[in-house]
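Structure first, then comments.
The values are calculated or read from the model by the stated rules, or taken from the named source; none is laboratory data. Since this is a predicted model, take the numbers as computed values, not measurements. Glycine gets a Cβ as well: all are built from the backbone with ideal geometry, and neighbour counts include every protein chain shown. In case anyone asks, the SASA skips ligands and DNA or RNA and just uses the protein heavy atoms, side chains included. Shrake-Rupley method; radii C 1.70, N 1.55, O 1.52, S 1.80 Å.
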Amino acid sequence: MPPRYLRHLNVLLVFIFLNHVHSQRIKDDMYTSISGAHCFRRLNGTHVTGCSSKLGGSVGVLHFVRSSADIDFVVEQHPAPPYAPVISPHLFTRENILRLRDHGGEHISAVILINNATLLDHYSQESPCPNQFSGLIASQMGSETCSIDQPQKSWNPWGTGLLLEDFPFPIYYVADPDEIAKLYDCFEKYNNHDLNNQHSRSLCSIQVNAFMSAAVDSRVCLARSTFFNSLNPVKFCDPLQGKNVFATLFPRVQVNPEDRKIDLTERIVLLSTRMDTTTMFDGIGLGAMDSLVSFSVLMAIAHFLAKAYPQRISSSGPNVLFVFFNGESYDYIGSQRFVYDLQKGAFPTKGGLSNPISMDNIDLMIDLGSMDNLNDLKLYHASQLSAVPHIVQAIERINLSFGFNIKMDSPILTTNLPPMSSHSFLRENSSFPAIMFTSVPGNRFYHSIYDDNENLKFVYGNHSKEIDFTQLEDLSKPNVYFPEDSLQIRIRNVSSLLGMMILELISGNPYTARLGTNSILIDEFLYCFLHSANCPLFHAAAKPDSPKAFPVPPTRYISVHSTLPSEASGWTHRLLGLLVGQKVDNNTKTDCQALHLPYNWYAGYSGEGECRLTTQNFSQAMSPAFLNDSYDFASGQYSTWTESTWREMSARIFLRPSASHETLTLSVGFVVLVLSFVLVFFVNSRSEVLFNQSASTIPIASPTQC
């Protein structure tokens, strides 16, 4: 290639590079990213819920909503549609949001929710009757049920039900004050003046990209995925699924896999609670009061029983099975699968090398629900149970002896039961021996982004360096680490009371010691799940050489399929091994690892390492509906929740030109396009004249010269 052509090529490449760099800078000047969390789409067997943007993103003019008059403006006047209202939580009500959806039409393209709890009294997107259609069918038994229309007869009086609604526009949550300031400054500078003539000038707008692939319902979505998978690997939705975590107080008898069979002489007391939570927005929501309190109570009870009753008095006495169900927020996914496995002889799996358990092996189920008021417990049961009077008497005696000052009224016999895992068992057998401990609903932020440590009034004590939290607490001495009315002491009292009652139930003897659950352990547990996974308790439950966890709390939303357990399930599994597993003394790391499972090596309280004989394991938390290709998704027998797939989620603000400016730009572009066609046609028709002379000046070498 001649040198002059190389020079021209280099100049062209440099021009293209500079043009690319310049375009990137122009793009950065045009758009400002806004970080936040998205509402996403979920589906069940009959409906679709959640939010989705248009393909490529939804664009709307920012308008801050301070009163109902601002909603009137974007719904009825809308001089420069479409709009993206910016709403504070106290105005994010069912009435306002459904009005934007149902009456705003195409004039509303997105909703921006900003973090401002100043005027907030309550905030819950969950239904007033959570899991209403998957509980015990009380109407067939001639009893009243939870009422959506009457808050005083509901289990979530402040629920708006927005979590179960479908929105044709994205809802974007912005929590960072700096990001909120960007939105406000842009709105004030360009939008918040001469509102009726907004169409005549450039306006600050936002583009929210959160397109959801799924549509219609779970049945249709999965069928579409199956059809496309045969031609092209495309998924539109995935079933919600995760892992339950369980452990037994005492190791069970090991058998050969071929000899596994149900042994009806084995007796079980089942202690359960849920470990999951949910909100409208992806990755936001700690579920502090709605499930973490009962989660911590059961973990403390398990630790107490392992320390206070390390060996059975009688081999014929019952074993205790601790189960932390996952996915209970979505029609009891975890407990439904657990019951299904019990009925099929599939729990535990063959890998556990122990006999399967059936529902007939369970003498009693003690289910822990939301404990919004730890000083006032309620006991529910759906059928007459001989164990109930003995349990009530034991609780009254222990409560008086230790001065826990926990009020508990007479047991409530009803089929209008609170939303708890027991429903999955009672639907299969209405006389199943289940009792439920909960309290009167008091969580004003149930299943929402504001059910956090502030809602729980949790203040971290940070005393783990002073006290070994793996030991029981001496209740005969005053606690100098926490005030008597602190959350740690109230959870300690409830877990000690229930733990002592259960110990008397399984041992047959009164509890005479003065040791109870450890308030330091409870403090550390709450800190790990509310503030940071990089915490002393998780360090003790990990291996000594494990890398430190990220300084954020583990998410407890069940999510979709993964080959590995979620963070919350994984840490629950490790904690059960540390707190329930029996320590094996004089055992090195090499010796412990040589024993293989069920022996595990933990860092322990000292961090130096210790060997423990453990009983914890995982079980599937995936609805049985997805195990049967011919399942009727409209039957309501099992949970059918799926989650939509998506590719990208983002939001950015920019200055959108006025309608007249856009028209002018389009017109100029059209004129340039026409002129370009004319010019190209003219040049092409005169190409021989324009380019022939240049071609004739190039000398042609003769064969002899070559």
Of the listed residues (S606, S619), the one being open to solvent by 60 Å² or more (accessible area, probe 1.4 Å) and among the hydroxyl-bearing types (S, T, Y) is S606
Is it the case that some residue within segment 398-413 is in contact with a His (Cβ under 9 Å, 6 or more places away or on another chain) and open to solvent by less than 70 Å² (accessible area, probe 1.4 Å)?
yes
Set F246, F227: member being farther than 30 Å from L162 by Cβ and surrounded by fewer than 19 Cβ atoms within 10 Å (Cβ to Cβ)
F227
Going residue by residue through segment 380-398, is there one that turns out to be in contact with a helix residue (DSSP H, G or I) (Cβ under 8 Å, 6 or more places away or on another chain), at pLDDT 95 or above and assigned to a strand (DSSP E or B)?
yes
Please go through (1) outside any loop (DSSP other than H, G, I, E, B); (2) aliphatic (A, V, I, L, M); (3) surrounded by fewer than 19 Cβ atoms within 10 Å (Cβ to Cβ) for V297 and return the number of the only condition it doesn't satisfy.
(3)
Check I313 against each of (1) touching a helix residue (DSSP H, G or I) at 6+ places or on another chain (Cβ under 6 Å); (2) open to solvent by less than 30 Å² (accessible area, probe 1.4 Å); (3) of a type in the set (A, V, I, L, M, F, W, C) and name the one condition it does not meet.
(2)
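Listed here are the residues, each with its yes/no results for (1) open to solvent by less than 80 Å² (accessible area, probe 1.4 Å); (2) out of contact with any Asp or Glu (no Cβ under 6 Å at 6 or more places or on another chain); (3) assigned to a strand (DSSP E or B).
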{"site": "S546", "(1), (2), (3)": "yes, yes, no"}
{"site": "F550", "(1), (2), (3)": "no, yes, no"}
{"site": "P554", "(1), (2), (3)": "yes, no, no"}
{"site": "Y557", "(1), (2), (3)": "yes, yes, no"}
{"site": "A568", "(1), (2), (3)": "yes, yes, no"}
{"site": "W571", "(1), (2), (3)": "yes, yes, no"}
{"site": "R574", "(1), (2), (3)": "yes, yes, no"}
{"site": "N600", "(1), (2), (3)": "yes, yes, yes"}
If I filter segment 576-593 down to residues being in a loop (DSSP other than H, G, I, E, B) and open to solvent by 40 Å² or more (accessible area, probe 1.4 Å), which single residue comes out as farthest from F281 (Cα to Cα)?
N586
With the condition kept exactly as written, say whether any residue in segment 308-317 is at pLDDT 95 or above and of a type in the set (V, I, T).
no
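Quick grid of which residues meet (1) over 26 Å from the mean Cα position of the chain (by Cα); (2) modelled with pLDDT of 95 or more; (3) among the β-branched types (V, I, T):
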position: F227; (1), (2), (3): yes, no, no
position: K235; (1), (2), (3): no, no, no
position: T248; (1), (2), (3): yes, yes, yes
position: Q254; (1), (2), (3): yes, no, no
position: E258; (1), (2), (3): yes, no, no
position: L271; (1), (2), (3): no, yes, no
position: F281; (1), (2), (3): no, yes, no
If you go through segment 422-450 one residue at a time, how many are in a loop (DSSP other than H, G, I, E, B) and out of contact with any Lys or Arg (no Cβ under 9 Å at 6 or more places or on another chain)?
14
Right, D409: acidic (D, E) and in contact (Cβ under 8 Å) with a residue 60 or more places away in the chain or not?
no
Residue pairs, Cβ under 7 Å, 6 or more apart or interchain, first in segment 676-688 and without any contact (Cβ under 8 Å) to a residue 24 or more places away in the chain, second in a helix (DSSP H, G or I). List them.
V683/L690
For residues that are in contact (Cβ under 8 Å) with a residue 60 or more places away in the chain and in contact with a Cys (Cβ under 9 Å, 6 or more places away or on another chain), scanning just segment 549-571, find the one that is nearest to D282 (Cα to Cα).
V560
Please indicate, with yes or no, whether at least one residue in segment 120-127 is farther than 27 Å from S213 by Cα, surrounded by fewer than 19 Cβ atoms within 10 Å (Cβ to Cβ), of a type in the set (D, E) and touching a residue at least 40 places away in the same chain (Cβ under 8 Å).
yes
May I ask you to list the residues in segment 300-333 that are aromatic (F, W, Y) and in a helix (DSSP H, G or I)?
F304
Based on what the data block shows, is P348 in a helix (DSSP H, G or I), out of contact with any Phe, Trp or Tyr (no Cβ under 7 Å at 6 or more places or on another chain) and farther than 18 Å from S495 by Cβ?
no
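Condition check ((1) within 27 Å of I391 (Cα to Cα); (2) of a type in the set (K, R); (3) touching a Lys or Arg at 6+ places or on another chain (Cβ under 6 Å)) across all residues:
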site: N453; (1), (2), (3): no, no, no
site: V459; (1), (2), (3): no, no, no
site: H463; (1), (2), (3): no, no, no
site: D468; (1), (2), (3): no, no, no
site: K477; (1), (2), (3): yes, yes, no
site: I489; (1), (2), (3): yes, no, no
site: I502; (1), (2), (3): yes, no, no
site: L515; (1), (2), (3): yes, no, no
site: L530; (1), (2), (3): no, no, no
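Yes or no, residue by residue, for (1) of a type in the set (D, E, K, R); (2) under 30 Å from N628 (Cα atoms):
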| position | (1), (2) |
| --- | --- |
| G317 | no, no |
| S329 | no, yes |
| K350 | yes, yes |
| K407 | yes, no |
| T414 | no, no |
For segment 440-466, the count of residues that are in contact with a helix residue (DSSP H, G or I) (Cβ under 7 Å, 6 or more places away or on another chain) and either without any contact (Cβ under 8 Å) to a residue 40 or more places away in the chain or open to solvent by less than 50 Å² (accessible area, probe 1.4 Å) (or both) equals 14
Within segment 624-681, restricting attention to residues that are closer than 29 Å to C39 by Cβ, charged (D, E, K, R) and assigned to a loop (DSSP other than H, G, I, E, B), which residue is most open to solvent (accessible area, probe 1.4 Å)?
R647
Does at least one position in segment 465-483 carry a residue that is in contact with a strand residue (DSSP E or B) (Cβ under 9 Å, 6 or more places away or on another chain) and assigned to a helix (DSSP H, G or I)?
no
Might you let me know whether segment 72-82 holds any residue that is touching a Lys or Arg at 6+ places or on another chain (Cβ under 8 Å), farther than 21 Å from T49 by Cβ and at pLDDT 95 or above?
yes
Among N375, N416, N361, the single one that is at pLDDT 95 or above and open to solvent by less than 30 Å² (accessible area, probe 1.4 Å) is N361
When you go through (1) farther than 16 Å from V297 by Cβ; (2) crowded, with 22+ Cβ neighbours inside 10 Å; (3) out of contact with any helix residue (DSSP H, G or I) (no Cβ under 8 Å at 6 or more places or on another chain) one by one for P478, which number turns out not to apply?
(2)
Inside segment 428-439, can you point out the residues that are buried (at least 19 other Cβ atoms within 10 Å of the Cβ) and of a type outside the set (A, V, I, L, M)?
F432, P433, F437, T438, S439
Filter segment 605-623 down to residues that are farther than 21 Å from K307 by Cβ, touching a His at 6+ places or on another chain (Cβ under 7 Å) and in a loop (DSSP other than H, G, I, E, B), then give me how many there are.
0
